[in-house]
Structure formats: C-alpha cells, structure tokens
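Heads up, the thing below is written out as structure tokens.
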Amino acid sequence: MSASDHLIPVVVSNVVEVNPIIKRFEFRHVNGDELPAFSGGAHIVVEMLDDGTKRKNPYSLMSSPFERDQYAISVRRDDTGRGGSKFMHEQVQPGMQMKISAPVNLFALDLRARKHLMIAGGIGITPFIAQMAQADKLGVPFELHYAARSVSQAAYMDSLADRFGDHVSCYCDDQGEGIDLEMLLSNQPLGTHVYVCGPKGMIERVVETATNLGWPAAHVHFEHFLAPPVGEPFDVHLAKAGIDITVGAEQSLLEAVEASGTPINCMCRGGACGQCETVVVACDGDIMHNDHWLDEEQRASRQRIMPCVSRFRGKRLELDL
Amino acid sequence: MTIQFKDESFRGDFTYANSPSNIPRFPFPFPEDEYMYSTNIEPHHAARVGSPFENAFDVDEHYVAEMKDRALVLADDPGRCQALPHMETAGWDFLELVMVSKARDYPDLFKLTMDGGHWHWINKPLQIDDTFTFGDSSTLPCHPMEYIGRQVQGDHAILDQRDGNLWMDAGIITAQADWSLDFDIGMNFFEWHAPVPLAHELGVFQRALKFLLTLPQGQPSRRLNWTLTVNPRLDTSPENYPKWGPDKLTVTPENIGEKVHLRVELQTFWRLPRSNAILFPIRTYLMAMNEVVTQPKWGRRLHRVMRDLRPELVNYKGLSRYHPILVEWLSQFDDGAPTSPGIFPD
Ligand code: FES
C-alpha cells in the first residue's frame, strides 16, 4: 500500500500568478471538510490527469500548518521536464477537481532545536514558509536566508518580510548579492539546526561548509527531491505480475508500473524516501539510478532499483513486482 | 452496544477475569501452529465487528478498572509518565487523535465538541467533563500526553523522528511487559530493542524501522506481540520485579489454568500530524489459560506453539520456570486435529 492509494478529492480554489515562472495553487476539500493537519516541511502528491497520462508530482505545502481549510503549493514552470509543471501552469484552473495525497514529511523541523536557520534557493522557499509559521507559533527563534536570481523572481519575499520582519534576508544574484555561508554558519548559537532546500549545488555547499565548521551532522537537514528525469522509452518485465510494460519517454518507471495496475509502494516519488525500493531479478544493461537512497555498493550490485526516478538502457530489465 | 464495565483488580486479590462474551474477542496472537519472529505488520483498518480491531482504540469491559490501576501506578511512581521538552506538540497530536477517534467510535461513551481552539471533552465512563484550549497546555491539569494517557487503555510511547531513526522521547507506560520507560527514554530504535535475541540477526528491526520511518499519516498499522504472565498483573515493570518475579514460583499443575495468563499486546503505529512523531500504543490484553482453552482451536494451537518454542525464546520471555508444566497441561487440549488458519476462534 502507498500513500497515493488514499487520495483526497479537492477542488482548486485559487490560482495565483506569483511571477512569470511561479504559480500558486490553493486546494479545498470537495466537501468543505477540514484537510489533515500537517507539520512544516511536509509535501503532498498531486495527481494530474493529463490527456490520458496519469502523472503524480510531489509539492511542498506552503500554507500554515495551523490552517486546515485549505492547502497551498507553488509550482515552478519547467518546460524541459516531463510536463507536470506545464500541465499545472496551463491546464489547472479554479473550480477544477483534482486528487492529492495526505501530507508526508521528509523534511521536518527538529523540535529540539534552540534555533532554526533556514537557507532557501529559488522555489526551495516553499517548505520554509510553512516551517516559519510553525516555528513562530512554537516561539522558537528562526532566521531565513533566501537566494534568488532577481528581485522579481524572489517569490513571496515581500509578504515574508511583512510577516516576519528581519527574521528574513534576501540575496539576489542580479544585484551581486550572495549568502556568506562561512560567516552565517560560524555565527550561530549552540543548539542551532540548519535546513537547506534548493538547487543541488547549494545543498552541497551548505552541507560542506557546516561540516568543515564542525557542525554535527544531526544538526544539518536538507530536502532534495528529484523530478524524475525524461529519457528514452524502455521495456521492463514485471516477474510476479507476469507482464511486460513500456516506460514512455516522459513517464517514470513508477508511473508505468502504476498504470499497469501492479501494486507498488511509494511516498516521495523523488528518490528520497526509500519506499519504492524494488528487487531487480535480471538486468542486462545499465540502470541510471538517479536516487538519493541506494548506496554505491547497492548500485554496483545491480540488485536494487528505485522506480520513482530510475531509468534503464539495455536489453532486459526484470523486476520483482 | 453498551459495555458493562467491570470492577476488578490487577494486583492484591487479582479479581480480574474475562466475561464469557469477552473471551472470543481476545486478540489471540498465533495465526499458525508455530511461532517465529516476523515483522508481521498489517494495516490497522477496521476489521471484524466485535473484534479488538473494530475501532481505532479498543474500549472493552476492563476500561474503567485499567484506568484505576494506571492511576495507582502513577501515584506511586510519577516517573512512569515522562516527556522530553520537545514532545509537547506530539502530546497534543496524541490527545486529538484519541478524542476524535473515541468520540466517533463510541458516541454513547465519549463526546468531543470543538469550537475553534476551544474544546469540550466528555468521558462518561470516567466521569470527566472538561473544557480547554487546544495547544495551550496551561489549560489542562497536566501535560496533554498524561491527560489523555490516563483515559486510554494500553501504554503509549511517542517516538520522535530525526536523523533517519526513531527516539523514545515520551511515554506513559504503566502496564509494561518487563521494560522501563525510565531506562529507555531518549534511546533510539536500535538501542531500546537491543536485548531481543534472534531478531537482530534476522534483520527484523532494520525492516521494521524502515517501514516506520515512512509510515504515512492517516494509515496506521498494527501487529500483535505476546508473552505469558503469572497472575493478571498489568504492571510487570522491572522496577517492580520483586513484586511479580516470585509469582513464577507459585505455578503448579493444579493452579496453572487460572494463574498463567496469555498476555497479548496489540501494538499500533500512527503518524502524528503536527509533530511528525510516531504514536506507539501498546494495548495489553490478559487471558487466563482456563479462559483461552474454552476455544478449542486456541487450546490446540497454543499447545503446539508452546511445545515447539525455541529455547532462546522460552528464556527471553521468562517462561523457563514453568514452561514444561505448561506444555504438559496444554497437551490435554490438543486432540491432534488440524487448526484453521488465522487467529479468530472457529
Ligand atoms: S517513492 Fe520515495 S524513493 Fe521512490
């Protein structure tokens, strides 16, 4: 069983163009019921029925965890991706009915922290908006440092500055500003936890800087969802189900398995949670792993695959599904 | 259905017993004639009307008596209820889950009215009628975990999730089978399971942890665990070993049917929404051997399970002292007939 077997029917209550590349979507329960409570950093999976293809993408919840009448997410348009964000931007209108999963949190605040230091890059701002609401309510000090390409792309910066004042600082590339990580991380009180969400390079820089400065690993948290990459179509044999399936160019292996009606676990759909881990029965070719879950040894053994983000090139791939 | 709550004791004169109608709803823990460790986790969705799996939190005829026993333990030893400071939000999550579930599942016994943050809770069996502000601990007489923990059968541990592990950072534990919150508090999943033999080699814990770390909200799971206890004593904590340890010496072939109890834990696992912690309720059910064998399938099967139990488990579960007598006594209920699969009586 997986989180996506228990979808919540919602209606799109609002669509807001935040800037040319980001739109915010708000959902309410179709019955007007309360939506499940959640914690800052949680995401939901949004199901998209795109002209016969069923796509499911994870998006961080950015509404306050203390509001249960509606959820909000932000979607950054990516025209080179698989089409999920394009679908959201082009097709999703207020009044439309959709389905979403219950919230899942793989990027929770460490509630023992004396202070939360949040570092966001671009669209990575969204989980922090909910986390700031949570930290604020719990009365735990926090600071947000937000890097964006330009002032116009720094989504929500104005409203965050209004709500949280000088707890938030923004750095714009086009103004020649950047976060001085060394300085920031060396000037924190004991008991501070740092959280980073943004592009891969940014996460790596924060983790590396913190490590070099002697931060304990348990105080460094990052969220790194991968969008499943596009690629060449490939065929897979599902051994238990006894069927062959074809994974389309813009489809993930996970989506193709789901489309065949074969049961499979999943949760993050982004190579981070480990739920979809599947045994490889036979492999004649190369698995492009792409996930954050398997270690090098497991990859080299070619006995495990994470279908949510991995692809295959070669003669035969057979899975224990 | 209204429940007749029993007035009974789990200590001293041990007047605890199961009514004939309560016996078939006992969560007998052996689906097969043989017992081995397994993760055996399944979704905790409503199952079988009249079974302990019918509702999110089972309430049965022992409810009021168990809550009185808990109050006695806590009065004696407040350390049985502890929460590290960061677990307050989780305590509120726990309170909400129990109140919402019980009010929904037992409307004749419990009532919850929510007016924004202003809540009104009525627990008829325990004659509680309180109002408070959700999330504001100063409006309750004690920590939210303790408040609701005194109103729900079973022990409750609350596990914080961080660093890819679970940490036992809060709990109200008064009816445990020989472990101690005071000892385990602050430990992680592997630390508090350290003493269990065999399971580590089998990789059971690795798999269970992985499962729990990704436990989704709104989709609780459950498993059964078991041991045996001499006398229907709920509190078999290590702190009290001098009180219950010697009981083992009192078992004779004549009294074994009434003295030895099958002790089953219905363990459930819930992802809590605001704290992202995991609530781990451990509901204990006790049944005397004499009561168990009133169900022929159970008598037969229990004999086979006990007879073939691996020695390290006999030892770990603390049964060595009376295990041979028990197997001998149970053999009279085993006619050699096959047993049907599953745990429910025929
Ligand atoms: S669904 Fe989370 S790793 Fe694949």
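Rule-based calculations on the coordinates, nothing more; no lab input. Everything numeric in this text was worked out from a predicted model, so none of it was measured. Don't worry about glycine lacking a Cβ; one is built from the backbone with ideal geometry, like all the others, and counts go over all protein chains shown.
Pairwise inverse Cα distances across chain A, averaged and inverted, put the Kirkwood hydrodynamic radius at 20.7 Å.
A Förster radius of 22 Å, combined with the Cβ-Cβ distance separating A:Asp180 from A:Ala217, puts the computed FRET efficiency at roughly 0.50.
Given A:Lys137/B:Lys102; B:Lys111/B:Lys243; B:Lys6/B:Lys210; A:Lys23/A:Lys137; B:Lys248/B:Lys297, which pairs have Cα atoms separated by over 30 Å?
Details: A:Lys137/B:Lys102 28 Å; B:Lys111/B:Lys243 38 Å; B:Lys6/B:Lys210 40 Å; A:Lys23/A:Lys137 27 Å; B:Lys248/B:Lys297 27 Å.
Pairs exceeding 30 Å: B:Lys111/B:Lys243; B:Lys6/B:Lys210.
When segment B:93-138 is described by a simple charge dipole with +1 on each Lys and Arg Cβ and -1 on each Asp and Glu Cβ, the residue from B:His118, B:Phe134, B:Leu97 located farthest towards its positive end is B:Leu97. Taking amide H as placed 1.01 Å from N in the peptide plane, the amide H of A:Phe222 sits under 5 Å from that of A:Val196, each at least 5 places away or on another chain. If the cut-off is 29 Å between C-alpha atoms, which lysines fall inside it for A:Lys315, apart from same-chain ones fewer than 8 positions away? Cα-Cα hits under 29 Å: A:Lys54, A:Lys56, A:Lys240.
Net charge dipole, chain A: roughly 340 debye, given to the nearest 20, about the Cα centre with Cβ charges of +1 for Lys and Arg and -1 for Asp and Glu. Take the Cα of B:Ala71, go 7 Å toward its beta carbon, and the backbone nitrogen atoms of segment B:83-120 under 20 Å from that spot belong to B:99, B:109-111. Label-to-label distance, A:Ala241 versus B:Ser9, with points set 7 angstrom from Cα along the beta-carbon direction: 6.2 nm.
Mind giving me the nanometre distance, one decimal, between the label points for A:Thr80 and A:Arg68, set 7 Å out from Cα along Cα→Cβ? Once both label points are built, they end up 4.3 nm from each other. Each of B:Thr214, A:Thr211 was scored by other Cβ atoms within 10 Å of its Cβ. Arranged with the fewest first, they read A:Thr211, B:Thr214. Here the simple spin-label model places points 7 Å from the Cα toward Cβ, and for A:Ala249 and B:Glu42 these points are separated by 4.7 nm.
Go ahead and set up a Gaussian network model of chain B, Cα springs under 10 Å, then flag whichever of B:Arg150, B:Arg48, B:Arg263 fluctuates most. Residue with maximal mean-square fluctuation among B:Arg150, B:Arg48, B:Arg263: B:Arg48. Across segment A:172-179, coupling constants 3J(HN,Hα) worked out from phi with the 6.51/-1.76/1.60 Karplus curve, θ = phi - 60°, read 10, 3, 6, 9, x, 9, x, 7 Hz, and Gly and Pro carry x. Sorted ascending by nearby beta carbons within 10 Å, beginning with the fewest, B:Val49, A:Val309, B:Val264 become B:Val49, B:Val264, A:Val309. Judged by the ratio a/c of the largest to the smallest principal axis of the C-alpha gyration tensor, segment A:235-286 counts as rounded, that ratio being less than 1.5. Using just its DSSP H runs of length 4 or more, each adding -39500 (n - 2.57), the protein assembly as shown gives a mean residue ellipticity at 222 nm of -6500 deg cm²/dmol after division by all residues.
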